[in-house]
Amino acid sequence: MAPILAAAGLASPNADGIPSICVPMISGRSLGHTGGTLDKLETIPGFNTQLTLDQLLLTLEKCGAALVGQTPRLVPADRILYALRDHTGTVESPYLICASIMSKKLAEDLNALVLDVKTGSGAFMPTYDQSKLLAELMVQTGESSGTRTIALLTNHDEPLGRFSGNWIEVWECVDILRATRIQDRHPMSSDLIQLSNLLAGWMLHLAGHADTPEAGAKLSDEILLSGAAFKAWIRVVATQCGDVSLFHDPADHHRYTASRTLTATHSGYLAAMDCKQVGWAVQRLGAGRAKPGDPVSAHAGIEMHAKLGNQIKAGQPLVTLFSEDISLLDEPESMLRETIHIAASPPEPQPLLREVIKNTTSS
């Protein structure tokens with residue numbers, strides 16, 4: 001989404017040559033069963049997520065977006081909150097999640113903020129009511145701080161897109177950014193593209209580049225297919241000292257040393273999975289960390305070969321596991337076999353967007 005918005009801003013700079021939209025994205029690292037944006041970005045050799053405030057401002061003025069993490073001077077409270085949540089067993093507290101996320105976002109001094117709040121088996125808040133509470137807390141916090149804030153409650157009962165991991169998620173995003181024709185897009189990435197356009201559509205709308213969120217989503221997809229977002233991405237990565245040569249063939253940079261593919265034991269429909277357990281399987285492969293400060297593997301992760309509701313034939317590949325240590329494959333394989341269910345009939349389809357929360361009321 002950052003390159004999409006950056007491309008829109010670069011296309012219409014102000015009188016001083018500053019992009020009309022600037023997206024300062026302050027992100028975190030993996031914790032528990034979830035992945036961390038910084039861990040993914042740092043699989044790009046040289047990519048600097050620890051910019052000084054002056055470097056951050058210059059990057060925004062030049063590129064329209066910057067992708068950074070907390071530093072001792074930038075959102076120090078969030079670093080403390082991450083460790084506090086882990087050491088006190090409160091990783092899933094909605095109030096501390098709100099404090100952690102909103103401390104980063106409000107430090108950016110934004111005009112508007114769009115939040116993606118997950119609901120479903122893969123979310124920190126697995127029930128709908130809990131997810132909605134978290135979304136309302138963050139919207140209230142943002143609005144009380146003078147920032148126009150919108151939250152989208154989106155379904156997370158299966159992994160988004162094709163890949164889950166660190167480098168392989170960068171690879172998937174690069175493939176999406178490089179695709180200039182709809183037919184060039186990988187079918188397993190369709191939900192990731194849909195969600196990105198939904199969120200970017202709201203951002204473009206609130207930034208005054210689209211009359212409605214729906215028009216914004218259409219504009220977002222047009223920017224993607226034009227190649228402008230990929231150019232903006234290259235500009236950001238190069239400015240933050242990353243090696244852009246990898247993006248000519250991102251698959252070639254996937255340096256796993258062990259893999260295993262799980263196949264369907266019988267025919268039917270892919271009916272259900274506990275997405276949180278899938279996340280823990282990815283973590284056990286080496287892609288995540290058990291506690292802050294643990295190292296993570298750049299190339300561990302999984303590739304999904306089917307989506308919920310797909311018809312499955314016996315022997316068909318369901319998921320491929322990747323690791324940099326062959327001894328780490330067995331436990332994640334057992335976890336995935338336990339949680340992926342094939343049934344005789346398809347599940348009831350769930351919409352990707354469940355609800356929009358704004359001004360502490362739903363619509």
*What FRET efficiency would be calculated for the residue pair ALA11, ASN359, taking the C-beta separation as r and a Förster radius of 25 Å, to the nearest 0.05?*
0.25
_List the residues, sorted by chain then number, that are 5 or more residues from GLU355 or on another chain and whose placed amide H is less than 5 Å from its amide H._
LEU153
*Between the alpha-carbon centers of region 168-211 and region 3-20, tell me the distance in whole angstrom.*
19
*Vicinal HN-Hα couplings computed from phi for region 198-210 (Karplus, 6.51 cos²θ - 1.76 cosθ + 1.60; Hz; Gly/Pro x)*: 4, 5, 5, x, 5, 5, 5, 5, 5, 7, x, 9, 8
*Please give the FRET efficiency for ALA112 paired with SER190, using the beta carbon to beta carbon distance and R0 = 22 Å, rounded to the nearest 0.05.*
0.20
*Stretch SER345-CYS241 to full length: gain in nm at 0.36 nm per residue minus the Cα-Cα span?*
32.4 nm
*Which cross-chain or sequence-distant (5 or more) residues have an amide H under 5 Å from the amide H of THR263, H modelled 1.01 Å from N in plane?*
LEU318
_Can you tell me which lysines have their Cα less than 27 Å from the Cα of LYS313? Leave out same-chain residues fewer than eight positions away._
LYS276
*Would you grab the residues whose amide H sits under 5 Å from the one on PHE47? Only those 5+ places off in sequence or on another chain, please, with H modelled 1.01 Å from N.*
ASP243
_Please compute the modelled spin-label separation between THR265 and THR212, points set 7 Å along Cα→Cβ, answer in nm with one decimal._
4.9
*Enter the angle in degrees (range 0 to 90, nearest 10) between the Cα long axis of helix 94-107 and the first principal axis of the Cα atoms of the chain, meaning the one along which they spread out most.*
40
*Give the angle, between 0 and 90 degrees and rounded to the nearest 10, that separates the Cα long axis of helix 167-178 from the longest principal axis of the Cα atoms of the chain.*
60
_region 237-271 and region 58-79: distance between their alpha carbon centers, rounded to Å_ = 27
*Between rounded, prolate and oblate, where does region 241-363 land on the alpha carbon gyration tensor, with a ≥ b ≥ c its root eigenvalues, rounded for a/c under 1.5, else prolate if a/b exceeds b/c?*
oblate
*Which of ASP157, ASP294, ASP16 moves most in a GNM of the chain, Cα contacts under 10 Å?*
ASP16
*Using θ = phi - 60° and the Karplus curve 6.51 cos²θ - 1.76 cosθ + 1.60, what whole-Hz ³J(HN,Hα) does each residue of region 149-164 get, with Gly and Pro shown as x?*
10, 10, 10, 9, 8, 10, 6, 9, 9, 8, x, 6, x, 9, 10, 9
*region 296-305 - phi-based ³J(HN,Hα) in whole Hz, Karplus 6.51/-1.76/1.60, Gly and Pro as x*: 10, 7, 5, 10, 6, x, 9, 10, 7, 10
*Within the chain, what percent of beta bridges assigned by DSSP are antiparallel, to the nearest 5?*
65
_As I understand it, the value is the acute angle between the Cα axis of helix 228-239 and the longest principal axis of the Cα atoms of the chain; what does it come to in degrees, rounded to 10?_
80
*Please label the shape of region 1-116 as rounded, prolate or oblate, based on the square roots a ≥ b ≥ c of the eigenvalues of the alpha-carbon gyration tensor (a/c under 1.5 means rounded; beyond that, a/b larger than b/c means prolate, else oblate).*
prolate
*Can you spot the lysines whose alpha carbon is less than 30 Å from LYS231's alpha carbon? Ignore those fewer than 8 places along the same chain.*
LYS40, LYS62, LYS104, LYS105, LYS118, LYS218
*Is the chain best put as rounded, prolate or oblate by its Cα gyration tensor, with a ≥ b ≥ c the root eigenvalues, rounded for a/c under 1.5, and otherwise prolate when a/b is larger than b/c, oblate when not?*
rounded
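Computed from the coordinates by the stated procedures, all read-outs in this text should not be read as laboratory data. Nothing here was measured: the structure is a model prediction, and the numbers come from that model. A quick note on method: Cβ atoms are made from the backbone with ideal geometry, for glycine too, and the neighbour counts reach across all protein chains shown.
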